[in-house]
Amino acid sequence: MGHLKKLAGQTAIYGVSSILGRIINYFLVMLHTSIFLKNELGITSYLFGYIALILIIITFGMETTFFRFSTKDDNPKTYHVAATAVLMASLIFGALVYVNGGHLAVFLTQKFDWPIAPSMLYMIAGIIFIDGATAIPFAKLRIENRPVKFAMAKITAIFLNIIFQLLFLIVFPAIHNQEILVGLKPFVDSIYNPHFGIEYIFLANLLSNAFLLILLGKEFLAIRISLQWKIFKPMLAYALPILITGLAGWITTELDKVAVADWSQGGTFAQGVYTQTFKLGAIMTLAIQAFRYAVEPFFFSQAKDKQAPALFAKTMHYYYLMALLIMLAICTNVDIIAQLLLRKPEYRVALYLVPIIMFGKLLLGVYINLSVWYKLKDKTSYGILFTLLGAVITFAGNYLFLGKYGYISSALSIVAASFVMSLASYLLGRKHYPIPYNFKPLVLYTIAILGLIYASFQIKLANPWFDGLLNIAIPLGFVAFLYVVEKHRDFSKIENIGENQGKNQS
């Protein structure tokens, strides 16, 4: 259990930067849904969706590749080569967006029938460069087991983003309109553009991310620009399948952020509703992200242990329980959460999507667990197969059904793709790197929790106070139930199987 406790501790620290950051960012959800129209937030999510795609391209699998080669070869030059390659790619793509900013602004203005300033594209170019440039330094912190600095850098950028957005969207407009601090109006008017709207969302992101270049200064100064082909060639060969996997993964996890605008009848208006509703289920994504940050280097570091298969099985078990409890807590109280965060009623018309989205993301976390075998066996081509499978399902689900059924098609596509990917990885993994997973109790827990969530949506007590107390009591009661059951869980059978499999692996 010592390894699991260490993993849990690191997950908690990584989770601080993700979960605390997103909790703070939910104030921005409140702010944005109070200020902006649905189509404006739809445009914003659309553009951030493509920023995520470009980030996958410019990092081209080098984060995982760096993990693999730094632990496999123990060669310090892998950091310099990986960082140099990603820096060059980031500079090239950022420059391309910047140089073509004017043309892209015209294209987007015509597409959305909404004015898009070239300056916003210039900001996006800067965001692309900085996000790419900091990827490998952040990976270095993870492989060196320095989650505190990792978390502090992320949290600082998040707080700065919040501060900048509050200044641009609340404080500066009030000063400009002479509602507060009238004496500062000349200074504010020299830097504030009252014609900017969502542009300030991107500017705040650019400025806050720029501070990461300072916070990670030591890691940047440690980089020695180098692309030694002898070192880079095997890294590139390992990384390219991961890049393809990443592109297919973008379709699986991010396509819905742009597809609703392009393929549904509601366009950017539906996109705005969908993406804000999606954020209510994003806590599951954050929990998975925090888990992934810790578990990837954990899997590699434990790979040579004969007990590794049993350890991975227990990791899956406890991850799944954690994810189920998060889903239950959010979904049974989604009405209260939505009223707090989605300020305008028109953003709260699709709350039924939240359980579907959260369950899909839960299954995506299952896939991350089940995919350990092909990374440890250097069979990353299987990762391409699984994510391509998920990408095809996601693309088909959105393309074929969005126009007819609306954004529920996007939510259900997440569930279908994640389930098929997990199933395929499990079935093939049993042949190449058998891990003694025990799915029976997890399936039973899933049925119970989905039933509780469905009941909470269907049954509403007349007294809102009693209704709220009941919705809070449901997840607390299930936590107590799990504690009673799980404290007697016997993993000895799994450990025996895992030890035998570990001997066979070696």
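I'd like the FRET efficiency for Glu346 and Val479, computed as 1/(1 + (r/R0)^6) with the beta carbon distance as r and R0 of 60 Å, rounded to 0.05. Mind showing how you got there, number by number?
Working: r = 35 Å, r/R0 = 0.58.
It comes out at approximately 0.95.
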Fully extended contour minus Cα-Cα distance, from Met152 to Ala52, at 0.36 nm per residue: 33.8 nm
Euclidean distance between Cα centres, the range 70-136 to the range 196-232, Å: 10
Value of relative contact order over the chain, rounded to a whole percent, pairs C-alpha under 8 Å and six or more apart: 22
Three-way shape call for the range 105-263 based on the alpha-carbon gyration tensor, with the a/c threshold at 1.5: oblate
J(HN,Hα) series, the range 207-224, from Karplus relation 6.51 cos²θ - 1.76 cosθ + 1.60, nearest Hz, glycine and proline x: 5, 5, 5, 4, 5, 5, 5, 7, 5, 9, x, 4, 5, 5, 5, 6, 6, 10
For the range 36-238: lysine pairs under 23 Å (alpha-carbon distance), excluding those fewer than 8 apart on one chain: 16
Rounded if a/c under 1.5, otherwise prolate or oblate - the chain, Cα gyration tensor axes: oblate
Pairwise FRET efficiency - Leu221 versus Ala448, Cβ, R0 = 56 Å, nearest 0.05: 0.60
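Here, each number is a calculation from the coordinates, and none is a lab measurement. Model, not experiment: these values are computed from the prediction. Note: ideal-geometry Cβ built from the backbone for every residue, glycine included; neighbour counts use all protein chains shown.
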